[in-house]
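Below is one structure, written out as structure tokens; comments come after it.
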Amino acid sequence: MQHRPAWAPDEVDIERPSVARMYDWFLGGSHNFACDRALAEQAMRVFPDAPYVVRANRSFLGRAVTALCELGIDQFLDLGSGIPTVGNVHEVASAARAGVRTVYVDADPVAVAHASALLSGTPSVSVLHADLRDPEAVLRDAVRAGGLDLTRPVGVLLVSVLPFVPDSDDPAGIVASYRDGTVSGSYLAISHGTNDYKPKVVGEIEDVYARTTQPGVFRGAAEVGRMFAGYELLEPGLVDLIHWRPEPGAIESDPLGADVARYSLIGGVGRRV
């Protein structure tokens, strides 16, 4: 039996691994339990590059947010935002543009508890405990409690979240609902693990994550691309994540030798037409 730390809400099952807490551990965070660390270490035996992949994903988030701020976006809806760590949306956005409003949404009570505590009193930032699979409720609360103005363009972020939405929940339909709930000129950013390169390894990773609170599934680029229906992709399109507008010198100094198969991670940003 694990000891429950003071920061863990009573309703949290500290004996079953959480995707959000494993992600926190991969990023070097401390808001995770022994069960999360044990399964994360098991995942690394199958996929040793996992920490690099998680960091690449976080870097994409920062680049996408910065790009959208430069395009005039001043409000973000971060779906499946996870446990607060360095490089959060509001931090990146505030460095690129003044007066940006951010609404974080997560269904994990640990993530929400930490976000609420750490971000309490932070101007123009709100945290919602909600399930992104209910777009109508999320958008309603993002307006009422989060202060988003859906009559104006919004940046909707689904960064490494859709792999944890099973096909039975119709992820493309969920994305379409968020599209329909925002106005023309809004943007969508997606990153997603792909099974196009190493299907055998990916299958083993999926088996590991099947033991968490949110089993994951990798998808092919064609399937992920269909989630951008109704959006015009910004350059360079839906690509391997390390090649989406990399920082100068990033490819040359990439820790995995810029081997896209080792990352098996794709993403893109689209503008709602």
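Since every read-out is calculated from the coordinates, none of them should be taken as a lab result. Bear in mind that the values here come from a model prediction, so they are computed numbers and not experimental data. FYI the Cβ positions are ideal-geometry reconstructions off the backbone, even for glycines, and counts take in every protein chain you see.
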Select one label from (i) 66, 52, 31; (ii) 48, 42, 38; (iii) 56, 51, 27: the one whose number is Cα extents along the principal axes in Å as derived from the coordinates shown. (ii)
If you take every DSSP beta bridge fully contained in the range 140-273, what fraction is antiparallel? Give it as a percent rounded to 5. 70
Cβ-Cβ cut-off under 11 Å around ASN195, Lys and Arg +1, Asp and Glu -1: the net charge is 0
Go through 19-31, 87-99 and give me the packing order, highest mean Cβ count within 10 Å leading. 19-31, 87-99
In the chain, what percentage of the DSSP-assigned beta bridges are antiparallel, given to the nearest 5? 40
Taking the dipole about the Cα centre of the chain, with the C-beta of Lys and Arg at +1 and of Asp and Glu at -1, give me whichever of PHE164, ASN195, VAL65 is farthest to the positive side. VAL65
With +1 on each Lys and Arg Cβ and -1 on each Asp and Glu Cβ, and nothing else charged, work out how big the dipole of the chain is about its Cα centre, in Debye to the nearest 20. 340
Linear extension gain, LYS200 paired with ARG16, 0.36 nm per residue minus alpha-carbon span: 63.7 nm
Most positive-pole-ward Cα, HIS114, VAL127, LEU148, against dipole of the range 42-201 from beta carbon charges: HIS114
How would you rank 49-55, 184-190, highest first, on the average number of other Cβ atoms within 10 Å across their residues? 184-190, 49-55
How high is the relative contact order of the chain, in percent, with contacts defined as C-alpha pairs under 8 Å that are six or more residues apart? 19
